[in-house]
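For reference, the structure is listed below as structure tokens.
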Amino acid sequence: MSGETKAKLILQDGSEYIGTSFGYQESISGEMVFNTAMTGYPESLTDPSYRGQILVSTFPLIGNYGVPGTLQEDDLFRFYESEKIQVSAFIVSDYTEEFSHWNASLSLGDWMKQHKIPGIYGVDTRALTKKLREQGSMLAKIVFEGKEPEWKDPNLENLVAQVSTPEKIVYGNGKHKVVLLDCGVKNNIIRCLLKRDTTVIRVPHDYDFTKEEYDGLFISNGPGDPKQNTKAIANLKTVFGQDTPIMGICLGTQLMALAAGADTYKLKYGHRSHNQPVVLKGSKRCFITSQNHGYAINMDTLPKEWEPLFVNANDGTCEGLKHTSKPFFASQFHPEASSGPTDTEFLFDDFIKMMEDHKVKR
Amino acid sequence: MRFSFLGEMSGEQRRVFLKKNNYQLTAKSDKLMALSLRKMIKDNIKKVLVLGSGALKIGEAGEFDYSGSQALKAMKEEGIYTVLINPNIATVQTSKGIADQIYFLPVTPYFVEQVILKEKPDGILLAFGGQTALNCGIQLFNAGLLKKYNLQVLGTPIETIIKTEDREIFANELRGIDVKTPQSFAVESIPEALKAAEKLGFPIIVRAAFTLGGQGSGFCSNMAELEKLAENALSYSSQILVEESLKGWKEVEYEVVRDAYDNCITVCNMENFDPLGIHTGESIVIAPSQTLTNSEYHKLRSLAIKIIRHFGVVGECNVQYALDPNSEDYRVIEVNARLSRSSALASKATGYPLAFVAAKLGLGYALHELKNAVTKTTTACFEPALDYVVCKIPRWDLNKFEGVTKEIGSSMKSVGEVMAVGRNFEEAVQKGLRMIGQGMHGFVGNVHSKFDDVDRELTHPTDMRIFSIAQAFEKGYSIDKIHDLTKIDKWFLSKLEHITKLKWDLQKYNNLQELPDTLLKAAKVYGFSDFQLARFVLKPERTDMESELLEVRKHRKAKGIVPVVKQIDTLAAEYPAQTNYVYLTYSGDENDITYADDNQSVIVLGSGAYRIGSSVEFDWCSVNALNAVNKEGLRSVMINYNPETVSTDYDVCDRLYFDELSFERVLDIIDLESPRGVIVSVGGQIPQNLSMRLHKADVKVLGTSPESIDRAENRQTFSAMLDELKIDQPRWNELTSKEAINDFIDEVGFPVLIRPSYVLSGAAMNVVSNKDELGHFLDLAAQVSKQYPVVVSEFIQEAKEIEFDGVAKNGDIIIDAISEHVEFAGVHSGDATLVFPPQKLYFETIRRIRKIAAKIAKSLNITGPFNMQLLAKDNDIKVIECNLRASRSFPFVSKVMDFNFIETATQAMLDVPIPNNLPSMFELEHIGIKASQFSFSRLSKADPVLGVDMSSTGEVGCIGADYYDAILKAMLSVGYRIPKSAILISSGPIRSKVELLKSAKMLEEKGHKLYGTRGTAKFLEENGVTIESVGWPDEDVEVTAHNLIKERKVDLVINIPKNLSKSELNNDYLIRRTAIDLNIPLITNARLASAFIYSFCKKSIEDLGIDSFSDYVDKKQDW
């Protein structure tokens, strides 16, 4: 019992919870969101879409299999989704320091200390989740003795700029040349493209790709309010006039919608889980998807040359878009998974096929 | 018209479709699917046949009552007429109102065909009745009967089932889609098996194909072991598999669902605590998996989906893997294309009703067209997100069997299981270990679990394995050392070590005032009970710690340390859920439930884990009590923790607490619910044992007063009451020395029934017939002292045993049912064959029994159900037991009479009006027979003989127009077969020789060849029966009884033990055990043997009436 450091979790609505620290001891503030996934904390914590957020895990037992090492493959960390932990803090119910796994190299707590990210356990995470569900995502802060930080709303910041690559990077040497607009891309998107015989040219979020030569354009996931990405939206408007295939994921989907003239809005508490069902419009097919988004596309505002490709089977929200005549499509969910189910990875195959068809036509 | 799920596709298109594993958006393959599939089924399927699983046996327990009930509910919702075949009369699914027609008949091709001819169904469901239904379905298909009667198999196609059941085809199919299976060879003889082993190298595992629960399976490390095991396995199945051993790998299971449109989900995965090598039915299991990374979890998940798509399963399927603990290498161990024990567990673990959904998918629905049963707003096409863990722990009853090995391994021996819910592993496992109900208080604090050789216990796991880990930690073993000995993942071990360390912390304090609140709270968070806290902190010397644990309770309540209620909602609180499915935990600050506090709820205490002596019948009673509470407009609240039941289906009550039935937890729930009262009399002995404690804690116990319950349970007070009422009972005495025992026996004479209060080994109860046996039993099996007295009772031979089941209100009997045993007294009532209404009792006997019952009911002022066991000999009636609760036979008599005893009992307990015009058993025009199912074949080396202690695992109840009709149906239902050729008889003592004489004559007349052991052959020959004499197993002669069985020259063995005591390994044992091991029907009771032989000699199978439950009970009385 001794040697434990307690920390206070304070929510915007004034409620307070006491937890025990297992990460770095520093007071922070951010937007609190919850994720209902039961596996994949190393992947989630390094997902750039969580930038600025305090993540609550609804699954209570965290840290069990430790954290894998920093093995690199194709210039990317093999086991992480970016080069560092992206969340502002991690809140769990029951934490395991004595991890057990052949592939682990350190404990979750030690890893978070390395990355200077606080974590607390021993909190009623179900109660927190219900509060977020009922009152919507809210700001929160973690306070270690004496130091109470100011409230900080990450959605007011340009989060994409914080997580995007500062410069152009080229990966692989495959037959299809894909420009990847990095708004905070997850490594597994790059991996999914590379294993399909592509060359991936990763460019910064505000990069003008309209003059580039490529077989396909990929708009990545990323954090925050899509409307902040004015440059990317303007550039997309330009390339919509052409016929080169475009695929988007998550934030990328919202940017494509905004560029097409549709509107986006903030969801009450978002979709962050591994079990979101999406129905392929006009079919009896329903897929289980991995999701992490706080904003959504207003389907009613879609112009007539665009149509929904997928809709959420639970709440009917837009889960994907498709151009009625051009090879442009996008998914709100994460077909690259990592973490989560890999059932929709076929979308990458469809993107490749579109590029091949386009080459034939050209 | 014949149609297929893949509808308008041609055979070639279908093949291509099934080969496709990755759906492509651009491929439009679902255009090929008949989008009108749902309509086609709707138009063509109006009546379906559902096959049940029959009696409960090891490997096939009550979980199939749950899955079958769910399937029937799904069909009913669609307006489809259902016909159920299931001889298990104690199930919920065979209750009126669930299926439209019920046949209490054996689930075998012959009877199923007869029912098909009569009912003319359009479709058949095979996946909801376990291996029994599946095997029967395959036999029907192979015999061309499904085609002949144009019967559509709904759900998974039969070809798929066959592919997954035949291990060689299965392995080839998986190889074809690049899925790894253990290297294995399918062989059909011992020489082939030895050859395969040479190629694989030892250790290897041997499995028999087409069996349930791993029957006939095992590990071998050399040729000799292999030869022995292969011979046994080949007796169960013509094909066995010799496979590479993956001992020490992790074992992980996925429950997968697929619809006809190729949509797939995995509802739950589960990880075994024990690594591969221990059957999943014998292992502690945790859900979801805890030591798998995202990459491992989803790799196995995608493989499961790939497999289910390849095979074309429609409905539910389970995939079992071995996963290398040092890499992502894996093997697929098994695929079950049906609902299973694991699927029931997964349903309860997640709240996702797998069987219900699977049944709907069989009707052509797409997954996302169905609703999530818990939220009622979101879709069923999703994968539950848990915000808790569940821990399943098996329940064994190996102590009930003589000679059985206690080591656990690759075949299943457990008879039941519990599921504990918690928000950390420590909490779940400690709860679970208490739920098992064998006197354990959690992982630590158990005084009766001490091992002389901990290392051996760790390396050779027994049913007590987890407690040996506790002792190892106490002895200072490190996690690494225990891991080396057990190969259990260190994550689990570190959690168990954590519990041990908390215990040590607690022990540093000697009173509650010193104990820091943080430590007290931590102990509760990690699953310590008040009892454990009292033991570690207050350290009382006595084992009865009622006042201490109440002191702990009071102390922590004063400190505000109380559990909170959390919902099981399938979505980890992501969406609002109106779910009534809850558990208690200390990991939380707030309740999910707002309590009405309106005095409108009634709590029904359930029956806990299935075990020998308490099984599906108490589940039926619980469910019917809940229904009756609902009918009165009150709120029904269930507490139970057995995942294999219907009572833990959240649909059957207004609120389900999936939690402990401990005094502490029941009080916690009562504190929250403030109920009108608690029903303790429908869940068997567990709730009954709580009644007085609850009463003392000022809880309102509904029905008979706990003081009366106590009076009946206590041997002394009950006996005094009988004396006072001038009701006869066998003479008995509680004795504290061997001399006193001898003196008492001199008075009453042999044989006597002996019940020690402390048992060293062997059965707790025994009948001894002479001084030698007495001395032997007392020396070997029991202690006699002041502290451990022995109860000795007069044992009346050749007495009839009679069951009385009744319901009373305020001391007046409302309704009763009297059944008689086929066997004479001496066979435990749970093992005996019951006849109802009685056929061979004197009218006078019945009249006097009713008088006795009325006196007792009055004297104890009974309100609710009660049961008595009596002996009758020459009209002398003695009471041997009285239970002021529902008994095992309540569902049986309720159904045969078509009158719900439990509903009436509940009405009595709730003090609401009870309808008039109650039926009488004398008006019945049919006869019910309840027969017992034994699972000796699962219990390697156990002596398959019946005695005063119960050993059956299940039962059936069949109805017939006459005695022989009903007996034959019942015997065939529990696995007996009518012999076609020869019969081996060794008829034991002279009394049973005489009993069997007429039967032997009948067999001879029927043209059966008879073999007899010496004495039997001599006796029968002298009495004019032609019989061939054979030697005893240990005799050096050409033909012995043992050889006959081994060479399968007989197809029925009758072996009557020479005396009433369970004896050591001897000739008789060898005959019995060999018959069981070679799956040849065995009868060990002369009265039952006669009844069976009379029946099949007087009636052939074609003479048996194919009548439904309603054919019997709704028949117009036309006299």
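The values are calculated or read from the model by the stated rules, or taken from the named source; none is laboratory data. Note that the structure is predicted; figures quoted are calculated from it, not measured. Neighbour counts are summed over all protein chains in view; Cβ atoms, including those assigned to glycine, are modelled from backbone coordinates with ideal geometry. Note: accessible area is taken over every heavy atom of the protein model, side chains too, but ligands, DNA and RNA are not part of it. Shrake-Rupley method; radii C 1.70, N 1.55, O 1.52, S 1.80 Å.
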Which order, highest average first, do B:189-196, B:855-862, B:568-575 follow once you tally other Cβ atoms within 10 Å for each residue and take the mean per peptide?
B:568-575, B:855-862, B:189-196
Using the Kirkwood formula on the Cα atoms of chain A, what hydrodynamic radius do you get, in angstrom to one decimal?
20.8 Å
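Could you quote the convex hull projected area for the stretch A:159-361, Cα atoms only and averaged over all directions, in nm²?
Details: hull surface 40.9 nm².
Over all viewing directions, the stretch A:159-361 projects a mean Cα-hull area of 10.2 nm².
At a 10 angstrom cut-off on C-beta neighbours, averaged per residue, how do the peptides B:1089-1095, B:245-251 rank from highest to lowest? Before the final figure, lay out each step's value.
Working: B:1089-1095: 23.6, B:245-251: 20.4.
For the peptides B:1089-1095, B:245-251, the packing ranking is B:1089-1095, B:245-251.
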Restricting the calculation to Cα positions, tell me the Rg (one decimal) and the Dmax (whole number) of the stretch B:407-450 in Å.
11.9, 31
Which order do A:238, A:46 take by accessible area at a 1.4 Å probe, largest first?
A:238, A:46
Shielding by partners for A:267-277, please: the mean number of other protein chain Cβ atoms within 10 Å of each residue's Cβ.
4
Given Cα pairs under 8 Å that are at least 6 residues apart, what percent is the relative contact order of chain B?
10 percent
Return the loop-located GluC sites (Glu not before Pro) in the stretch A:109-205 (DSSP other than H, G, I, E, B) with at most 13 other Cβ atoms within 10 Å of their own Cβ; answer none if there are none.
A:145, A:150, A:167
Note down the magnitude of the dipole of the stretch B:27-182 about its Cα centre, charges +1 on Lys and Arg C-beta and -1 on Asp and Glu C-beta and zero elsewhere, to the nearest 20 debye.
440 debye
Just counting partner chain Cβ atoms within 10 Å, what average do the residues of peptide A:132-145 show around their Cβ?
1
In order over the stretch B:468-474: 3J(HN,Hα) from phi, Karplus 6.51/-1.76/1.60, θ = phi - 60°, whole Hz, x for each Gly or Pro, gives 6, 5, 4, 5, 4, 4, 4
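Say the cut-off is 21 Å between C-alpha atoms; which of B:120/B:980; B:250/B:501; B:247/B:348; A:113/A:147; A:8/A:130 go over it?
Over 21 Å Cα-Cα: B:120/B:980; B:250/B:501; B:247/B:348.
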With a 1.4 Å probe and all protein chains kept in place, how do B:779, B:329 rank by accessible area, largest first?
B:779, B:329
Using only atoms on other chains, find how many Cβ atoms lie within 10 Å of each Cβ of peptide A:28-38 and report the average.
3
What helix-only [θ] at 222 nm does the protein assembly as shown give? Using -39500 (n - 2.57) per DSSP H run of at least 4, over all residues, to the nearest 500, the answer is -9500 deg cm²/dmol
So for B:448, B:310, what's the accessible-area order with a 1.4 Å probe, most first?
B:448, B:310
For the stretch B:121-268, divide the Cα radius of gyration by the Kirkwood radius and give the resulting Rg/Rh value with two decimals.
1.02
Under a 5 Å amide H to amide H cut-off, with H placed in plane at 1.01 Å, what residues pair with residue B:677 once short-range neighbours are removed?
B:603
If you place +1 on the Cβ of every Lys and Arg, -1 on the Cβ of every Asp and Glu, and leave all else neutral, what size is the dipole of the stretch A:6-156 about its Cα centre, to the nearest 20 Debye?
360 debye
Only sites in a loop by DSSP and with at most 16 other Cβ atoms within 10 Å count here; which chymotrypsin sites (Phe, Trp or Tyr not before Pro) in the stretch B:809-877 make the cut?
B:842
Does anyone have the angle between helix A:125-135 and the longest principal axis of chain A? Alpha-carbon axes, 0 to 90°, nearest 10?
50 degrees
Report, ordered by chain and residue number, the lysines lying within cross-link reach of residue A:177, taken as a straight Cα distance under 19 Å and ignoring same-chain residues fewer than 8 apart.
A:168, A:186, A:195, A:211, A:326, A:353, A:359, A:361
Give the Kirkwood hydrodynamic radius (Å, one decimal) of the protein assembly as shown, defined as one over the mean of 1/r across all pairs of different Cα atoms.
34.2 Å
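With only Lys, Arg, Asp and Glu charged, each at its Cβ (+1 for the first two, -1 for the last two), find how big the charge dipole of the protein assembly as shown is about the Cα centre; round to the nearest 20 debye.
Using only the charged Cβ atoms, the result is roughly 2100 debye.
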Using modelled amide H (1.01 Å from N, peptide plane; none on Pro or chain starts), what sits under 5 Å from the amide H of residue B:81, excluding residues fewer than 5 places away?
B:47, B:48
What residues qualify as long-range amide H neighbours of residue A:339, i.e. H under 5 Å apart, gap of 5 or more or another chain, H built at 1.01 Å from N?
A:44
For chain B, what is one quarter of the convex hull surface built on the Cα atoms, given in nm²?
43.3 nm²
Reach of residue B:941 by Cα under 21 Å, taken over lysines that are not fewer than 8 positions away in the same chain:
B:57, B:228, B:400, B:406, B:413, B:1046, B:1058, B:1062
Take peptides B:938-948, B:287-297 and line them up by average Cβ neighbours within 10 Å, highest first, as a rough protection proxy.
B:287-297, B:938-948
As a quick test, which of the pairs B:76/B:118; B:118/B:376; B:147/B:1009; B:800/B:969; B:873/B:1009 have an alpha carbon distance above 30 angstrom in this structure?
B:118/B:376; B:147/B:1009; B:873/B:1009
